[in-house]
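First the structure, in the form of structure tokens, and then the observations on it.
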Amino acid sequence: MLVSKEEIEHVAKLMRIDLDDHTVHIDRVQKMIEYFDILDKAGTESEELIINEQPLENLREDKYEPYGDKLIDKLKHYKEKFVRAPKMV
Amino acid sequence: MNLGISALDYIEAIKNGEFTVEEFVSETFDQIKKVDGKLHAYLSLNDKALDQAKELDKKRKAKEKIGSCMGMPIAIKDNICVKGAKTTCASKMLEKYTAPFDATVIARLRKQDALFIGKTNLDEFAMGTTTEFSVYGPSKNPWNQEYVPGGSSGGSAVAVSALESVVSLGSDTGGSVRNPASFCSIVGLKPTYGLVSRYGLISYANSIEQIGPMARTVKDTAFLLNVISGIDPNDNTTIDNHGEDYLKNIDSGIDGKKIGIISEMVGKGTDNTVSSATKKALAKFEDLGAKCEEIPIDMVDYSVASYYTITSTEAGSNLARYDNLRYGFDFDLEGYEFNSYISKARRSFGPEVTRRLIIGGFVPSAGHAGKYFLKALKVKSRLTKEINAAFKKVDFLVAPTVPILPFKFGEKLDDPVAMFLIDFNTVTANLTGKPAISVPFEISNGLPIGIQIIADSMQEKSLFQAAYALESTTNLPKVPL
């Protein structure tokens, strides 16, 4: 099944990929996805998925550990303890 | 001075005072100066390494105790964080990023007084098998500079092969340690998932990837695993190996062991030369007292599609953080709306990363997940069952590490499916979490061929024994530098 270019472009947009000069990628992505059709032949429909569940007590303790350096200093656009981002609306 | 000595011999020599750390490190830098202009193993060098070497010599002179690595030079793939060093992932996105902390593997090596020589080249964000996708240009294969060194940990393999370091670390998501190890004629291990902490490894597909040691000998690889393995509170997937010593009894041999040859990995698609080298390796195993039989693993034929579906999906979310606000900082915020700003910023990703991100958005999306992502997970699940069943019958599974010989630059660049199939023999170990090692076995017309041995989970100790036994049957030429 050939995936349409429009579908790929739509997903690219959702992934925040600017496609202005990326038409060459679309062709190649199409070929890559086409290869995945082989999964249809695996005959694994009845296979159950292994889901790896971790009980909370297996996780490390949720406690605050101060970090030596002031990491926020490494950012360019910040004020006090806020990161500056472009306008949302 | 012989820069080609093993890590274990280096440590002995330092202990016996045959040379100083400073002398060895200084000569290593001379070698880098001599060959790296052509080979391009390194993206950056540690300019404090010589001072650190002098410091260690001083401590030794004063009879202070120093760590077990004794200043052994090690090269680190540039997707592993070393505090204060640039960590670029060979991407424009991170070209100005300096890691503010040490990865757990780095902290452990530092504690044992290993010396970080520099950060090595890779395919951007470890996505590739040749280093051709590095934004800084590819590394060259020291055996023949017209050929790719393999990837994505190509720089780490070249550095060790070309005597620009004694050992190195790579990361292996689908063969990225084993493939370049095979192409450059060195040893590379992908440990059991969870045996080595991923804390400080920049994530690509975190459910299957592992940091792996690379060295010129099987013993050095085992030594390095001793240093870096074990449980880590900062990586919840790590397993307690109770301080296992992988070097102990490494020469036990494989008499009486059973070996399965994975039929699908030696079938069509395998180069004739690689095929005949594999047959020779199996004959050697039989000479050593092992019994070999062929074992079909049906799901192997679907493993590459499953692998790329799963890894692209995980890359899609792992790389969502690169938004130019926390990394990048290429341009000002004024005049942009949020989404267009981030999309513009994400143009810094190279072509392969861009493509995989698109795929990573597509295959798990509503309407497509059933056809792609869920099927990929089901293949992974069935493959794991098949491999587990195989390990009830045999001790090891064997196949050539890569089905083809090293190839020339540009040869596969325009054919994504041909690129996919290079990973055909390596992704199974990642999808099933099993440990796998590539051992250099033959040089055919000047091009290296490696043999891959896979063992059951947490069986690294016996895996090293098999690898050491195979290595002992070989007598390979030196790299033509």
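Miscellaneous remarks
- Taking the longest Cα principal axis of chain A as reference, the axis of helix A:23-35 is set at about 70 degrees.
- Taking a straight line from the alpha carbon of B:Lys38, these lysines sit under 18 Å away, with near neighbours fewer than eight places off in the same chain left out: B:Lys119, B:Lys140, B:Lys408.
- Counted charge near B:Thr270, where neighbours are those whose Cβ lies closer than 13 Å (Asp, Glu -1; Lys, Arg +1): 0
- Dividing the radius of gyration of the alpha carbons in the protein assembly as shown by their Kirkwood radius gives 0.96 for Rg/Rh.
- For chain B, the relative contact order comes to 17 percent (Cα pairs under 8 Å, sequence separation of at least 6).
- The rule of thumb for compact globular proteins, 2.2 N^0.38 Å, goes into the C-alpha radius of gyration of region B:344-481 1.31 times.
- Cα convex hull of chain B - mean projected area over all directions, nm²: 22.2
- The simple Förster model, with R0 at 30 Å and r as the Cβ-Cβ distance, assigns B:Asn445 and B:Lys34 a FRET efficiency of 0.70.
- FRET efficiency for the B:Glu334 to B:Phe409 pair, using the beta carbon distance and R₀ = 35 Å, is estimated at 0.25.
- GluC sites (Glu not before Pro) lying in DSSP loop within region B:126-200, provided at most 15 other Cβ fall within 10 Å: B:Glu146
- Under the shape rule built on the C-alpha gyration tensor, where the axes satisfy a ≥ b ≥ c, chain A is oblate, since a/c reaches at least 1.5 while a/b does not exceed b/c.
- Signed unit charges on C-beta, dipole axis of the protein assembly as shown, positive-most listed residue A:Tyr35, B:Ser348, B:Leu470: B:Ser348
- Electrostatic bookkeeping for B:Thr104 treats Lys and Arg as +1 and Asp and Glu as -1; over the other residues with beta carbon under 10 Å from its beta carbon, the sum is -1.
- Other-chain or far-sequence residues with amide H under 5 Å of B:Asn324's (modelled H): B:Phe329
- Between B:Asn272 and B:Leu481, the contour length at 0.36 nm per residue exceeds the Cα-Cα span by 72.5 nm.
- Reachable lysines from A:Lys5, criterion Cα separation under 28 angstrom, eight or more residues apart if same chain: A:Lys13, A:Lys31, A:Lys41, B:Lys92, B:Lys344, B:Lys371, B:Lys375, B:Lys378, B:Lys412
- Cα gyration tensor category, rounded, prolate or oblate, for region B:1-113 with a/c compared to 1.5: oblate
- If R0 is taken as 35 Å, the Cβ-Cβ distance between A:Leu75 and A:Asp20 corresponds to a FRET efficiency of 0.80.
- Aspartates and glutamates whose Cα lies under 17 Å from that of B:Lys385, excluding same-chain neighbours fewer than 8 positions away: A:Glu45, A:Glu47, A:Glu48, B:Glu264, B:Asp298, B:Asp301, B:Asp395, B:Asp456
- Anisotropy class of region B:87-225 from Cα gyration tensor, a/c 1.5 cut: rounded
- Only DSSP H runs of four or more residues enter the estimate; each adds -39500 (n - 2.57), and after division by the residues of the protein assembly as shown the mean residue ellipticity at 222 nm equals -10500 deg cm²/dmol.
- Farthest positive-ward along the protein assembly as shown dipole, Cα basis, beta-carbon charges - from B:Ile254, B:Leu115, B:Gly212: B:Leu115
- Within the shell defined by Cβ-Cβ distances under 13 Å, the residues around B:Lys258 carry a net charge of -2, with Lys and Arg each +1 and Asp and Glu each -1.
Since every read-out is calculated from the coordinates, none of them should be taken as a lab result. None of these values were measured; they are calculated from a predicted model. Positions of Cβ are backbone-derived with ideal geometry, glycine not excepted, and every protein chain shown enters the neighbour counts.
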